[in-house]
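The values are calculated or read from the model by the stated rules, or taken from the named source; none is laboratory data. No experiment lies behind these values; they were computed from the predicted model shown. Positions of Cβ are backbone-derived with ideal geometry, glycine not excepted, and every protein chain shown enters the neighbour counts. Side chains are part of the model used for accessible areas, which takes the heavy atoms of the whole protein and leaves out ligands, DNA and RNA. Shrake-Rupley method; radii C 1.70, N 1.55, O 1.52, S 1.80 Å.
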Amino acid sequence: MKFRAKIVDTACLNHFTRVSNMIAKLAKTCTLRISPDKLNFVLSDKVANGGVSMWCELEQENFFSEFQMEGVSAENNEIYLELTSENLSRALKTAQNARTLKIKLTNKHFPCLTISIEMLSMSSSSRVVTHDIPVKVIPRKLWMDLQEPTVPDADVSIYLPVLKTMKSVVEKMKNISNHLIIEANLNGELNLKIETELVCVTTHFKDLENPPLASKNASQDRNSEQMAEVHIDIRKLLQFLAGQQVNPTKATCNIVKNKIVHFDLLHEDVSLQYFIPALS
């Protein structure tokens, strides 16, 4: 198994740093899946156990000027590494204004992702800062649990409002209840609701639009005014919203009634899927 990669473009480096910051906010530990043309950050807390799942994907050619990898074998040309997200994010934060960044899979008594950052200096000499991030190599037999999640057919798909606005609404609601009802219809309406014995609070978002294909598929047997709802843990939604530092190019919410809510975000050339299961 071998892996080495290099970033020289400042914009690419900053973008990669933003992605790692987002992942650190979404998952304490995650799996980094390395394949010849893609990097994925994966979180697979079994939805059946009430955990969230995440699948973040970036095309390596959009970030790295050099990228070499050899997987476990010729047929299974992939590498799966478990790491603490915060360690990667902290290492990349030191790469602001760096000249180059190199990432390499190394063995220093234990497997590591070694990140070498060549810093710009006032003199002609350069300074290299190195971080060794401990990783756990995931054996082939466990890969099955770390594949891209299948997206169930949604009852309703809708484009999300500005995530910052949504976050401030959910933050206020969290002070009242731990549970939240998210509901939407095919008429571009999305509601966030909390209900307790004492109070019922609803925030309405209108004119949001529905993805054209989703509306067409679902509308054959669904009244466009009819709401599809799902009860979720408000803290899981807030964690997802807190991870979004930049408003995405596209943000879709897919609701499978009483089962799951699936968020599908596109940040320039990085896609993020995030699944929150319904409360039983």
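Cβ-Cβ distance of T10 and Q226, R₀ of 45 Å, FRET efficiency by 1/(1 + (r/R0)^6): the value works out to about 0.35. In this structure, N77 and L213 have a Cβ-Cβ separation that, at R0 = 41 Å, corresponds to a calculated FRET efficiency of about 0.80. In the chain, the ratio of gyration radius to Kirkwood radius, Rg to Rh, stands at 1.02 when only Cα atoms are counted.
Electrostatic tally near N62: other residues with Cβ closer than 9 Å to its Cβ, Lys and Arg +1, Asp and Glu -1, net -4.
What the phi angles of region 150-163 give under the Karplus curve with 6.51, -1.76 and 1.60, with θ = phi - 60°, is a coupling list of 7, 8, x, 4, 7, 6, 9, 10, 8, 6, 7, x, 4, 5 Hz, glycine and proline written as x.
Each 5 Å bin from 0 upward holds the following percent of the Cα-Cα pairs of region 47-144: 2, 10, 15, 21, 21, 13, 9, 5, 2, 1, 0, 0. By the Kirkwood approach, averaging reciprocal distances over each pair of separate Cα atoms, region 131-280 gets a hydrodynamic radius of 16.6 Å.
Ignoring ligands, DNA and RNA, what percent of the accessible area of the chain is carbon or sulfur (1.4 Å)? Write out the running numbers ahead of the final one.
Details: 6870 of 14250 Å².
Answer for the chain: carbon and sulfur cover 48 percent of the accessible area.
Here are some pairs, K141/K236; K2/K164; K6/K141; K174/K206; which of them have Cα atoms lying more than 32 Å apart in this structure? Where the Cα-Cα span goes over 32 Å, the pairs concerned are K2/K164. Shape annotation for region 1-103: C-alpha extents along the principal axes are 45, 34, 19 Å, from largest to smallest.
With a Förster radius of 45 Å, plug the Cβ-Cβ distance of V129 and H179 into 1/(1 + (r/R0)^6) and report the FRET value to the nearest 0.05. Spell out each step's value before the answer.
Numbers: r = 45 Å, r/R0 = 1.00.
For V129 and H179, the calculated efficiency is 0.50.
Each of E66, E78 has its accessible area taken with a 1.4 Å probe; listed largest first, they run E66, E78. Placing +1 on each Lys and Arg Cβ and -1 on each Asp and Glu Cβ, with no other charges, gives the chain a dipole about its Cα centre of roughly 1120 debye.
Restricting the calculation to Cα atoms, every distinct pair contributes to the Kirkwood radius of region 101-167, found to be 17.1 Å. Under a Gaussian network description of the chain, with springs only between Cα atoms under 10 Å, the residue in S224, S44, S125 that fluctuates furthest is S125.
With all protein chains present and a 1.4 Å probe, how do H262, H109 order by accessible area, largest first? It would help to have the intermediate numbers written out before the result.
Working: H262 5, H109 190 Å².
Ranked from most to least accessible, the order is H109, H262.
For region 23-34, 3J(HN,Hα) computed residue by residue from phi via the Karplus equation (6.51, -1.76, 1.60; θ = phi - 60°) reads 4, 4, 7, 8, 8, 5, 10, 8, 9, 9, 9, 10 Hz, glycine and proline entered as x. Backbone amide hydrogens, once placed in the peptide plane, bring T100 within less than 5 Å of E118, excluding anything fewer than 5 places away on its chain.
Local charge for Y159 was computed over the other residues whose Cβ lies under 11 Å away, with Lys and Arg +1 and Asp and Glu -1, and equals -2.
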